[in-house]
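Novice: I'd like to ask you about the structure that follows.
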Amino acid sequence: MNSSTERTPPLQTKLPAVGTTIFTVMSALAAEKGAVNLGQGFPDFDCDPRLIDAVTEAMKAGLNQYPPMPGVPALRAAVAAKMETLYGRTYDAATEITITAGATQAIITAILAAVRPGDEVIVLEPCYDSYVPNIELAGGTVVPVPLVPGSFRPDFAKIAAALTSKTRAIIINSPHNPSATVWSRQDMLSLQELLAPTDVLVISDEVYEHMVFDGQEHQSAARFPGLAARSFIVSSFGKTYHVTGWKVGYVAAPAALTAEFRKVHQFNVFTVNTPVQHGLAAYMADPLPYLQLPAFYQRKRDLFRQGLARTKFKILPSQGSYFQCVDISQVSELDESDFCQWLTREIGVAAIPLSAFYGNGFDQRVVRFCFAKKDETLKAALERLARL
């Protein structure tokens, strides 16, 4: 084609603040330097072979065409049964459970269904990096409220002060990524009381629901009638069953909210791959894999923390999720981001700076490791970190 006619029209970005994510940067640097990658949050071990077999059987049985838009009925029924058993709330599988292409799709779909231009959405920082761009794509206004620095507890006085007549929703996340804190029953009751006189919706990101440690219970929004009635509850099969690359999750919400969610879902992804849904439904007949998950990850957490105790890191609590945060103040003068790059290059272990989870890049000298790794991976990382 003649170069004078070959012109790509300019496109004004909808997300001017978004560049290459820190996860991409750190994973690339880890690969380049041969570092142990404890940055990005995914397991380096395989899932249960029985789950692979269940999906393979579904494929062989010819279950390879489009499933119903909201998801395979057997899988929705399995999710509803699990939630009723664990959290005591009955969700109608036909009208209140939707299978999604991962939790990240579930979150943006909930936001697109609920948020209109001019609406405000409260996010509690530090937060997972999809929340803010999702709100901006919906034309909403992000209202960041910091969790208490150091403890990462919710500050209900600050949340109350952020509520206005324009507040459409609040996004909460427990167990929390990146801080590994867990909301208590009292936290949930405080939120329920605060929102009771409002029409504010809740998007409750509960993807780490089965990774709560030291005998604590996960306080799902489903346990609290006043929250459940206004909540989109999001979870992830990928996180629970060590198959993050399958990108399958779900949303539980009251029928009226689900109806609006599904309108967007239908034209957003339409539906989610069929054989994996059937395989998950068959696999969920046995609850042991998710019931045993807290003990599985608590052992890894304890192994990792014992090793970190031999370094100058200040080890912060890890109450849930598969993350461990540490304070680097006694180790380095560098800021979080520079420290993570130095750690990857010079020590050979990749971590993620907590400043990446704040809109303003707030730096409190804390970095995050992921311990969803084989024991030998964790031991290799700890051997290198022992040099600190």
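Novice: Could you pull out every whole DSSP H run in the chain that spans at least 20 Å of Cα extent along its own axis and averages 0.0 or higher on the Kyte-Doolittle scale?
Specialist: On the way: long enough: 73-87 (21 Å, 0.48); 293-308 (22 Å, -0.78).
Helices meeting the span and hydropathy rule in the chain are 73-87.
Novice: Gain in length, GLU193 to ALA81, computed as 0.36 nm per residue apart minus the alpha-carbon separation, to one decimal in nm?
Specialist: On the way: separation 112, 0.36 × 112 = 40.32 nm, distance 2.76 nm.
Full extension from GLU193 to ALA81 adds 37.6 nm.
Novice: Another question about this same structure. Rounded to the nearest 20 debye, what is the charge dipole size of the chain about its Cα centre when +1 sits on each Lys and Arg Cβ and -1 on each Asp and Glu Cβ? Intermediate values should be presented prior to the final figure.
Specialist: Numbers: 35 positive and 37 negative charges, 43 e Å.
So the dipole magnitude of the chain works out to roughly 200 debye.
Novice: Using 19 Å as the cut-off for backbone N distance, which residues of segment 218-239 belong to the label zone defined by a point 7 Å from the Cα of PHE156 along Cα→Cβ?
Specialist: Inside the label zone: 218-231.
Novice: Moving on to the next point. For segment 42-116 and segment 126-169, what is the separation of their C-alpha centers, rounded to whole Å?
Specialist: 27
Novice: Please give every one of the aspartates and glutamates within straight-line cross-link reach of LYS158, meaning a C-alpha to C-alpha distance under 14 Å, and leave out same-chain neighbours fewer than 8 residues apart.
Specialist: In chain and number order, the partners are GLU125, ASP187.
Novice: Further, regarding this structure: With the dipole of segment 29-135 worked out from charges on the C-beta (+1 for Lys and Arg, -1 for Asp and Glu) around the Cα centre, which of ILE122, GLN40, ASN134 lies farthest toward the positive end?
Specialist: ASN134
Novice: For every other residue with a beta carbon closer than 12 angstrom to the beta carbon of GLU346, add +1 if it is Lys or Arg and -1 if Asp or Glu, then tell me the sum. Write out the running numbers ahead of the final one.
Specialist: On the way: positive: LYS33, ARG345, ARG384, ARG387; negative: ASP338.
The answer is +3.
Novice: Here's another thing I want to ask about it. How much length is gained if the chain between THR95 and LYS314 is pulled fully straight, taking 0.36 nm per residue apart and subtracting their Cα-Cα distance, in nm to one decimal?
Specialist: Working: separation 219, 0.36 × 219 = 78.84 nm, distance 4.73 nm.
Extra length available between THR95 and LYS314 comes to 74.1 nm.
Novice: What is the antiparallel percent of DSSP beta bridges lying wholly in the chain, to the nearest 5? Spell out each step's value before the answer.
Specialist: Numbers: 18 of 39 bridges.
About 45 percent, rounded to the nearest 5.
Novice: Mind telling me which of ALA94, ALA350, ALA221 comes out most flexible in a GNM of the chain, alpha-carbon contacts under 10 Å?
Specialist: Largest GNM mean-square fluctuation: ALA94.
Novice: Multiply the residue gap between PHE296 and LYS14 by 0.36 nm, knock off their C-alpha separation, and tell me the result in nm, one decimal place. Provide the component values of the computation, followed by the final result.
Specialist: On the way: separation 282, 0.36 × 282 = 101.52 nm, distance 4.16 nm.
Result for the pair: 97.4 nm of gain on full extension.
Novice: For the chain, build the charge dipole from Cβ charges (+1 Lys, Arg; -1 Asp, Glu) around the Cα centre, then report which of THR20, ALA309, SER4 sits farthest towards its positive end.
Specialist: ALA309
Novice: Further question on the same structure: Kindly state, to the nearest 0.05, the FRET efficiency for ARG185 paired with GLU346, given R0 = 41 Å and r defined as their beta-carbon distance. Write out the running numbers ahead of the final one.
Specialist: On the way: r = 44 Å, r/R0 = 1.07.
FRET efficiency, ARG185 to GLU346: 0.40.
Novice: While we're looking at this one, here's another question. Would you mind working out the magnitude of the charge dipole of segment 246-388 relative to its Cα centre, with +1 at each Lys and Arg C-beta and -1 at each Asp and Glu C-beta, to the nearest 20 Debye? Show your work: numbers first, answer last.
Specialist: Working: 18 positive and 13 negative charges, 66 e Å.
Rounded to the nearest 20 debye, it is 320 debye.
Novice: I would also like to ask the following. Quick check on the chain: take the gyration tensor over C-alpha atoms, sort the square-rooted eigenvalues as a ≥ b ≥ c, and tell me if it's rounded (a/c under 1.5), prolate or oblate.
Specialist: Rounded, because the longest to shortest axis ratio a/c is under 1.5.
Novice: Of the listed peptides 354-360, 195-201, 364-370, 71-77, what is their order by residue-averaged count of other C-beta atoms within 10 Å, with the highest listed first? Before the final figure, lay out the partial values.
Specialist: Values: 354-360: 18.0, 195-201: 15.0, 364-370: 23.3, 71-77: 21.3.
The most tightly packed comes first, giving 364-370, 71-77, 354-360, 195-201.
Novice: Ok, one more. Which of the peptides 7-13, 315-321, 263-269 is most tightly packed, and how do the rest follow, going by the mean number of other Cβ atoms within 10 Å of each residue? Walk me through the numbers on the way to the answer.
Specialist: Details: 7-13: 5.6, 315-321: 22.3, 263-269: 16.0.
Order by mean packing, descending: 315-321, 263-269, 7-13.
Novice: At 20 °C and 1.002 mPa s, grab the translational diffusion coefficient of segment 249-388 from Stokes-Einstein with a Kirkwood Rh over Cα pairs, rounded to a whole number in µm² per second.
Specialist: 118
Novice: So, one more: Which of TRP183, TRP342 has the fewest other C-beta atoms within 10 Å, and how do the rest follow up to the most? Spell out each step's value before the answer.
Specialist: Working: TRP183 23, TRP342 12.
If I rank by nearby Cβ atoms, fewest first, I get TRP342, TRP183.
Novice: Can you find, among ALA169, TYR66, ALA295, the residue sitting farthest towards the positive end of the charge dipole of the chain, where Lys and Arg contribute +1 and Asp and Glu -1 at Cβ?
Specialist: The Cα lying farthest towards the positive end belongs to ALA295.
Novice: Before anything else, pin down the relative contact order of segment 49-286: Cα pairs under 8 Å, at least 6 apart, normalised by residue count, whole percent. Let's see the in-between values first.
Specialist: Details: 439 pairs, mean separation 75.0, N = 238.
Over segment 49-286, the number comes to 32 percent.
Novice: Output wanted: per-residue J couplings in Hz (rounded whole) for segment 116-126, from phi through Karplus 6.51 cos²θ - 1.76 cosθ + 1.60, θ = phi - 60°, x for Gly and Pro.
Specialist: 10, x, x, 5, 9, 10, 7, 10, 9, 8, x
Novice: Kindly put ILE172, ILE352 in sequence by how many other C-beta atoms sit within 10 Å of each C-beta, fewest to most.
Specialist: Values: ILE172 23, ILE352 27.
Ascending Cβ contact count within 10 Å gives the list ILE172, ILE352.
Novice: Continuing with this model, one more query. Once phi is turned into ³J(HN,Hα) by the Karplus curve 6.51 cos²θ - 1.76 cosθ + 1.60 with θ = phi - 60°, what whole-Hz value does each residue of segment 346-353 show in order, with x for glycine and proline?
Specialist: 9, 9, x, 9, 9, 9, 10, x
Novice: Nothing charged except the Cβ atoms of Lys and Arg (+1) and of Asp and Glu (-1): what's the magnitude of the dipole of segment 73-165 about its Cα centre? Round to the nearest 20 debye. Intermediate values should be presented prior to the final figure.
Specialist: On the way: 6 positive and 9 negative charges, 42 e Å.
Here segment 73-165 has a charge dipole of around 200 debye.
Since every read-out is calculated from the coordinates, none of them should be taken as a lab result. Because the structure is predicted, anything quoted here is derived from the model rather than measured. Cβ coordinates were reconstructed from backbone atoms using ideal geometry, including for glycine residues, and neighbour counts include every protein chain displayed.
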